[in-house]
Amino acid sequence: MNNVYKCCPEFESEKFRLRFISVGDCDDLLKVYSDNKAVALFNSDNCDGDVFYYTTHERMKQALDYWKFEYDRKGFVRWSIIDKINNTVIGTIELFHRDAKDYFTNCGLLRLDLRSDYERKDTIINILNLIIDKTYSLFECNMIATKAIPIAKERINALNTLKFSSTENKLIGHDGTEYSSYYFKNK
């Protein structure tokens, strides 16, 4: 797991590329994190009240700086998702190893934040296929979990196609809050 924090790997398909976030992504990411339709689908569970709705360049840069800080302290990795056709950053993927006293232990917790016009089943599958199989070794886990709320129909369809299963199990936050709407895939 430490290797992902020493040198963040990049992943690429014909359409998309995942690479470590960069301050240069700020303008493109502001379009993602100020997109009300997109933000409604983001997973902000256990994030101390941050709902990832950013409307200024300064606030987006603060988020990028914080994500870099978390990477440096081995908290999580945040990749930018680049649409290679128009060389635009269209979202991010966050991943980290989670150990807890709930169902989601020894787990690679994945957060996918996508601009709303990319929230389509085939796009989500294409993006997640870049990293799903690598997550188990990168984050030394036996399970991958991600959140998809009931209104996220395209995301849920993509997860089902990728053989994720829904679960009634709750993710328990550091303050005891219970979070639902999770999907998981075992190694």
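All of the numbers you see were taken from the coordinates with simple rules; none came from a lab. All of these numbers come straight from a predicted model, not from anything done at the bench. Ideal geometry is used to build each Cβ from the backbone, glycine not excepted, and the neighbour counts take in all protein chains shown.
Please give the Cα centre distance for the stretch 60-131 versus the stretch 1-49, rounded to the nearest Å.
If you average the Cα positions of each part, the centres end up 4 Å apart.
How long is the gain from Arg120 to Glu10 if the chain were fully straight, where each residue apart is worth 0.36 nm and the alpha carbon distance is subtracted?
In short, 37.3 nm is gained.
Which entries in Lys68/Lys147; Lys6/Lys170; Lys101/Lys121; Lys6/Lys121 show an alpha-carbon gap greater than 30 Å?
Going by Cα-Cα distance, Lys6/Lys170; Lys101/Lys121; Lys6/Lys121 fall outside the 30 Å limit.
Please identify, among His57, His174, His97, the residue showing maximal mean-square fluctuation in a Gaussian network model of the chain using a 10 angstrom Cα cutoff.
His174
How many nm is it between the label spots at Ile151 and Ile85, if each spot is 7 Å from the Cα in line with the beta carbon?
Once both label points are built, they end up 2.7 nm from each other.
Which of Ile85, Ile93, Ile125 moves the most in a Gaussian network model of the chain with Cα springs under 10 Å?
So, out of Ile85, Ile93, Ile125, the one fluctuating most is Ile85.
Provide the per-residue ³J(HN,Hα) series for the stretch 22-37, in order, calculated from phi with Karplus coefficients 6.51, -1.76, 1.60 and θ = phi - 60°, each as a whole number of Hz, with x at glycine and proline positions.
9, 4, x, 7, 3, 5, 5, 5, 4, 5, 6, 7, 10, 8, 3, 5
So if we plug the beta-carbon distance of Asn160 and Asn3 into 1/(1 + (r/R0)^6) with R0 = 30 Å, what FRET efficiency do we get, rounded to 0.05?
It comes out at approximately 0.45.
Compute the signed sum of charges (Lys and Arg +1, Asp and Glu -1) over the other residues within less than 10 Å, Cβ to Cβ, of Met143.
So the environment of Met143 carries a net charge of +3.
Could you tell me which trypsin sites (Lys or Arg not before Pro) in the stretch 1-80 are loop residues by DSSP with no more than 15 other beta carbons within 10 angstrom of their beta carbon?
Lys15, Arg73, Lys74
One quarter of the convex hull surface, Cα atoms only: what value does that give for the chain in nm²?
The orientation-averaged projected area of the Cα hull of the chain comes to 9.7 nm².
Before anything else, pin down the relative contact order of the chain: Cα pairs under 8 Å, at least 6 apart, normalised by residue count, whole percent.
So the answer I get is 21 percent.
So what's the back-of-envelope 222 nm ellipticity for the chain, counting only DSSP H runs of four-plus at -39500 (n - 2.57) apiece and dividing by all residues, rounded to 500?
-8500 deg cm²/dmol, from helical runs alone.
Translational diffusion coefficient, Stokes-Einstein: compute it for the stretch 146-187 using the Kirkwood radius over C-alpha pairs as Rh, at 20 °C and 1.002 mPa s, and state it as an integer in µm² s⁻¹.
So the translational diffusion coefficient is about 197 µm²/s.
Filter the trypsin sites (Lys or Arg not before Pro) in the stretch 99-183 to those in DSSP coil with at most 10 other Cβ atoms within 10 Å of their Cβ, and list the result.
Lys101, Lys163
Just subtract the alpha-carbon distance of Glu168 and Asp72 from 0.36 nm times their residue separation and send over the number in nm, one decimal.
The Glu168-Asp72 span can extend by a further 31.2 nm.
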